[in-house]
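Q: Quick one: structure below, then a few questions.
The values are calculated or read from the model by the stated rules, or taken from the named source; none is laboratory data. Everything numeric in this text was worked out from a predicted model, so none of it was measured. Methodologically, a virtual Cβ is constructed for each residue, glycine included, from the backbone with ideal geometry; neighbour enumeration extends over all protein chains shown. Side chains included, ligands, DNA and RNA excluded: accessible areas come from the protein's heavy atoms. Shrake-Rupley method; radii C 1.70, N 1.55, O 1.52, S 1.80 Å.
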Amino acid sequence: MKATIFDIQRNSFVDGPGIRTTVFFKGCNLKCAWCHNPESQSAKPQIMFYNDKCSGCGRCKNVTENDDDFICFNNAKEICGKEYTSDKVLDVILKDKAFYANSNGGVTFSGGECMLQIDFLSEILEKCKKNEIHTAVDTAGNVPWAYFERILKHTDLFLYDIKIFDAKKHKQYTGADNKVILDNLQKLFECGANVWIRIPVISGVNDTEEEMRKIKEFLKPYSPLKIELLCYHKMGEHKYDALNMQITKFNVPDKTILDKLNYIFKEGN
């Protein structure tokens, strides 16, 4: 079994508990206007070119998206996305098994949307559990419920996005409404799955107390929950130029606003 993956980050502290290895799958069925990993959107390998780093040496003249072993000495051109077997991914994950054990960490499968490559995801999750590694799946939930059923028994934690509560506004900014997303989340709760909620906070989109109170009310029957507000950042903007993609720019939310929004989820808890 093979999957197209665009990055494997070791020693991560942001995608679940403890020290983790995060595996980023290529391909996503949402197109979030604020996406900071635009290279994750297409399921196919892509060339990323950073003009400001190029020395004009000409070595990359005939490089294509399928030349995944090409190395630019200036890091001006790179191939984003290549095929991995589940055994190859597992080999990378196992390198840090001792760190997982000492920190209550593990592996997180992310994207893009890792669940779009469900056959591979199911296989690698099962292999991780056989090796006694804690597993997390980072998902936007916009997939058939049957996909969740396939991986439930091998997934210790779901990192689940709620981006915008209003369906029409959700479609405006992501390309899809959120009915399937919210339905799947409710089913996960009903199954007793371990879920952390993640909410990206985007200025002018969902950074209001009204929006957060709607999300809180929806989640109220399933409290207490771990809820993370993820502040929009601009660190991925240069990737749009490298991919020759158009970008929609947003302002970074003010800290005072973030503090108010965070407090909403603490009220009454």
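Q: Using protein chains only and a probe of 1.4 angstrom, how many square angstrom of His233 are accessible, to the nearest 10?
A: 60 Å²
Q: Which residues make up the longest stretch of the chain clear of chymotrypsin sites (Phe, Trp or Tyr not before Pro) that lie in a DSSP loop with no more than 13 other Cβ atoms within 10 Å, not counting the sites?
A: Longest gap between qualifying sites, sites excluded: 74-269.
Q: With a Förster radius of 30 Å, plug the Cβ-Cβ distance of Lys214 and Thr248 into 1/(1 + (r/R0)^6) and report the FRET value to the nearest 0.05.
A: Efficiency, rounded to the nearest 0.05: 0.80.
Q: Now, a different point. Assuming R0 = 35 Å, what is the FRET efficiency of Glu190 and Lys2, from their Cβ-Cβ distance, to the nearest 0.05?
A: 0.55
Q: Nothing charged except the Cβ atoms of Lys and Arg (+1) and of Asp and Glu (-1): what's the magnitude of the dipole of the chain about its Cα centre? Round to the nearest 20 debye.
A: 80 debye
Q: According to a simple spin-label model (label point 7 Å from Cα along Cα-to-Cβ), what is the distance in nm between Lys95 and Lys234?
A: 3.4 nm
Q: While we're on this one: Considering only DSSP beta bridges where both residues belong to the chain, give the percentage that are antiparallel (nearest 5).
A: Antiparallel bridges: around 35 percent, rounded to the nearest 5.
Q: With the dipole of the stretch 28-124 worked out from charges on the C-beta (+1 for Lys and Arg, -1 for Asp and Glu) around the Cα centre, which of Leu121, Cys35, Val92 lies farthest toward the positive end?
A: Cys35
Q: Report in % the part of the accessible area of the stretch 58-131 that belongs to carbon and sulfur, leaving out ligands and nucleic acids; probe 1.4 Å.
A: Its accessible area is 43 percent carbon and sulfur atoms.
Q: Under a Cβ-only charge scheme (Lys and Arg +1, Asp and Glu -1), can you give me the dipole magnitude of the stretch 90-134 about the Cα centre, in debye to the nearest 20?
A: So the dipole magnitude of the stretch 90-134 works out to roughly 200 debye.
Q: Of (1) 1.07; (2) 0.93; (3) 0.97, which is the value of Rg/Rh (Cα atoms, Kirkwood Rh) derived from the coordinates here?
A: Label (3) holds the value from this structure.
Q: In Å², and per residue, what accessible area does the stretch 185-269 have when probed at 1.4 Å with the other protein chains present?
A: With the other protein chains kept in place, the stretch 185-269 gives 59 Å² per residue.
Q: Per residue, what accessible area does the stretch 1-86 have, given a 1.4 Å probe and all protein chains present, in Å²?
A: That works out to 54 Å² per residue.
Q: Here's something else I'd like to know. Along the charge dipole of the stretch 199-249, which of His238, Pro200, Ser223 sits closest to the positive end, that is, farthest toward it, with unit charges on the beta carbon of Lys, Arg, Asp and Glu (+1, +1, -1, -1)?
A: About the Cα centre, the residue reaching furthest to the positive side is Ser223.
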